[in-house]
Every structure is written in structure tokens, then in C-alpha cells.
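Right, one structure below, let's go through it.
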Amino acid sequence: MNCLQLNAWYCVIVHWLGHSDVKLYVKVIGPVDESELQNALSALVSWANSWQLSLSIDKCCVLNIGKQVVLSQFYIQDLPLPTVCS
């Protein structure tokens, strides 16, 4: 596992799968965490742009794990991410 630091104040774990896939995990408990997740997504976009990497936004989604469901909408490059069940 490689680490990509997206935010010094919030723990973000990024898993590299092969050379092209990334999974970003953030525990969201409240509105501050939701904002931090959006900031992490924006930082990921900035990082990809600085390395001239493209993101397949159509393959990106939000997955709620656990009892608490996050109702906020998250975006990558102003495009809303769909929420999936599995």
C-alpha cells in the first residue's frame, strides 16, 4: 500500500490497485467529516492534474459502510458521484 497524503488534519487511506486504480476511505461521522471528504476528493484531483493523470470519474462512487448513511452529495470536478449499495 502506498500513501498519498491529501490532508494533514484528517486520516485518508489510499490503496493503489495495480497502476491505475485508487480507493479512498474516510470515516464520516458528521458535517465536518463530510467537508473533509470533499476536500480530500478535490486534493486527489489536484494531485492527479499535477502528475498529468486522468481520472475516470464515471467509475467513481460513494459507498456507505455501516449503519449511518451519509446523505451529502460528493463531487469530482463538479460532477456528482453516485451512491451505491455494493
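The table for this structure:
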quantity	calculated
Near pairs, Cβ below 7 angstrom, 6+ apart or cross-chain, from segment 42-58 (free of Cβ contacts under 8 Å to residues at least 60 places away in the same chain and surrounded by 10 or more Cβ atoms within 10 Å (Cβ to Cβ)) to any residue that is hydrophobic (A, V, I, L, M, F, W, C) and in a helix (DSSP H, G or I)	Leu55/Val45; Leu55/Ala48
Val14 vs. criteria modelled with pLDDT under 85, out of contact with any helix residue (DSSP H, G or I) (no Cβ under 7 Å at 6 or more places or on another chain) and surrounded by 14 or more Cβ atoms within 10 Å (Cβ to Cβ)	yes
Scan of segment 42-61 for residues that are part of a helix (DSSP H, G or I) and within 20 Å of Ser86 (Cα to Cα), ordered by number	Ile57, Asp58, Lys59
Qualifying residue in segment 29-36 (condition: under 11 Å from the mean Cα position of the chain (by Cα) and either at pLDDT 85 or above or surrounded by 14 or more Cβ atoms within 10 Å (Cβ to Cβ) (or both))	yes
Residues within segment 62-84 that are assigned to a loop (DSSP other than H, G, I, E, B) and either within 13 Å of the chain's Cα centre (by Cα) or modelled with pLDDT of 85 or more (or both), tallied	9
Conditions (1) surrounded by 15 or more Cβ atoms within 10 Å (Cβ to Cβ); (2) among the polar types (S, T, N, Q); (3) in contact (Cβ under 8 Å) with a residue 24 or more places away in the chain; number of the one not met by Thr83	(3)
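The values are calculated or read from the model by the stated rules, or taken from the named source; none is laboratory data. Just so we're clear, the structure is a prediction, and the values are computed from it rather than from any experiment. No Cβ is skipped: glycine too gets one built from the backbone with ideal geometry, and neighbour counts run over all protein chains shown.
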